[in-house]
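J.: Quick one: the structure is below, and I'll ask about it shortly.
Only the coordinates and a few stated rules stand behind these numbers; no lab work does. None of these values were measured; they are calculated from a predicted model. Cβ coordinates were reconstructed from backbone atoms using ideal geometry, including for glycine residues, and neighbour counts include every protein chain displayed.
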Amino acid sequence: MKEQKGVGRMWHLYKMGGITPAIASMMGAQNAQQMAFIRSMSKEQRKESILDQPLSELEVVVFDLETTGFYPYNGDEILSVGAVTLKGEELLENRSFYSLVNPKRKVPKHITELTGITNEMAEDAPDLMQVLHDFMEFTGKRMLIAHASSHDKQFLNAALWRTSKINLTHRVLDTMMVAKWLEPKRDGYGLDQLLEDSGIPITQRHHALEDSFMTAKLWLLYLKRILNRNIVTLGDLYAYLSKH
């Protein structure tokens, strides 16, 4: 009976003031504010097109996630988020983001061995809603770049839907796709191989911030080659990528 009253109260608040007061009633004011911010960021992102912006001036965020596994819809969770900002051909090393995430589950042993993230570290980390809020605030309206981005997009979409009932609306450019276009005859497109062949020092793999920095340096090399082909805007680049 108490549960029915709670649902009724939430429905009444929703009708009176929208989803934020209703959620605030059920999950607390801080989480409701974070959710409202994430939803507003998503809404603002949909309003703007960055396709006409010159690549030489475009601000982007290169990011990476570490996770407990590969299946966000089957119990796997985000463990850490790392990101770094670039403006055109400049890597803004002082504008970076890193946070662990409490996955509310045990970290598999092989993931600890891979990432160095222990159960104790994860238990002391902020929760998913807080980290998503902070990451979205850091990202703003900038385009996202990641290597083999389908994994990261899947986890971000699952996390955003679970916490805020939205999908990711930011454009995400995949450096693997760019590599396949620029170097179609390569044997492989894994990050380690691309970094080695590009002469980029491998610092610490499977650390979200370090992987973001290395991917950012890879993107900068690709950007020079793209600009040398007289590909000026993001829209131009997408047009070329769509043919391959």
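J.: Report the extension gain between Trp161 and Asn228 in nm, rounded to one decimal, defined as 0.36 nm multiplied by the number of residues separating them, less their alpha carbon distance.
T.: 20.2 nm
J.: In whole angstrom, note down how far apart the Cα centers of region 83-104 and region 144-177 are.
T.: 15 Å
J.: Restricting to Cα atoms and excluding each atom paired with itself, what does the Kirkwood estimate give for region 84-155 in Å?
T.: Value: 14.2 Å, from the Cα pair sum.
J.: Stretch Leu221-Ala148 to full length: gain in nm at 0.36 nm per residue minus the Cα-Cα span?
T.: 24.6 nm
J.: Explain nothing, just the number: relative contact order of region 130-197, from Cα pairs under 8 Å at least 6 residues apart, as a whole percent.
T.: Relative contact order here is 32 percent.
J.: Determine the dipole magnitude for region 98-212: charges of +1 sit on the beta-carbon of Lys and Arg, -1 on that of Asp and Glu, nothing else is charged, the reference point is the Cα centre, and the result goes in debye to the nearest 20.
T.: On the way: 14 positive and 16 negative charges, 125 e Å.
Here region 98-212 has a charge dipole of around 600 debye.
J.: Moving on to the next point. Could you tell me which of Leu194, Ser242, Ala179 has its Cα farthest along the dipole of region 174-244 towards the positive end, charges placed at Cβ (Lys, Arg +1; Asp, Glu -1), taken about the Cα centre?
T.: So the residue we want is Ser242.
J.: Using 0.36 nm per residue of separation minus the Cα-Cα distance, give me the extension gain between Ala239 and His206 in nm, one decimal.
T.: 8.7 nm
J.: Just want the ordering: Asp187, Asp76, Asp64, Asp152, from fewest to most Cβ atoms lying within 10 Å of their own Cβ. Don't jump to the answer; show the numbers that get you there.
T.: Details: Asp187 6, Asp76 19, Asp64 29, Asp152 22.
Ranked by crowding around the Cβ, least crowded first: Asp187, Asp76, Asp152, Asp64.
J.: Quote the relative contact order of region 44-241 in percent (integer), defining contacts as alpha-carbon pairs under 8 Å separated by 6+ residues.
T.: 28 percent
J.: Zone of Lys87 (label point 7 Å along Cα→Cβ, backbone N under 12 Å): which residues in region 51-68?
T.: Residues 57-60 fall inside that zone.
J.: Hey, if you put +1 on the Cβ of every Lys and Arg and -1 on every Asp and Glu Cβ in region 121-244, which of Val131, Ser149, Ala159 ends up farthest toward the positive end of that dipole?
T.: Checked the options; the winner is Ser149.
J.: Rank the residues Met214, Met136, Met177 as a footprinting-exposure proxy: fewest other Cβ atoms within 10 Å of their Cβ go first.
T.: Fewest-to-most Cβ neighbours within 10 Å comes out as Met177, Met136, Met214.
J.: Taking the Cβ of each residue in His110, His133, His147 as the centre, tally the other Cβ atoms inside 10 Å and list the residues starting with the fewest. Kindly include the intermediate steps, with their values, before the conclusion.
T.: Details: His110 9, His133 22, His147 26.
Ordered by Cβ neighbours within 10 Å, fewest first: His110, His133, His147.
J.: Test of understanding: express the Cα radius of gyration of region 134-244 as a ratio to 2.2 N^0.38 Å, with N the residue count.
T.: That works out to 1.13 for region 134-244.
J.: Another one. Running Debye on region 44-241 with equal point scatterers at the Cα sites and no solvent, what base-10 log of I(q)/I(0) appears at q = 0.11, 0.17 Å⁻¹?
T.: Debye output, listed in q order: -0.50, -1.18.
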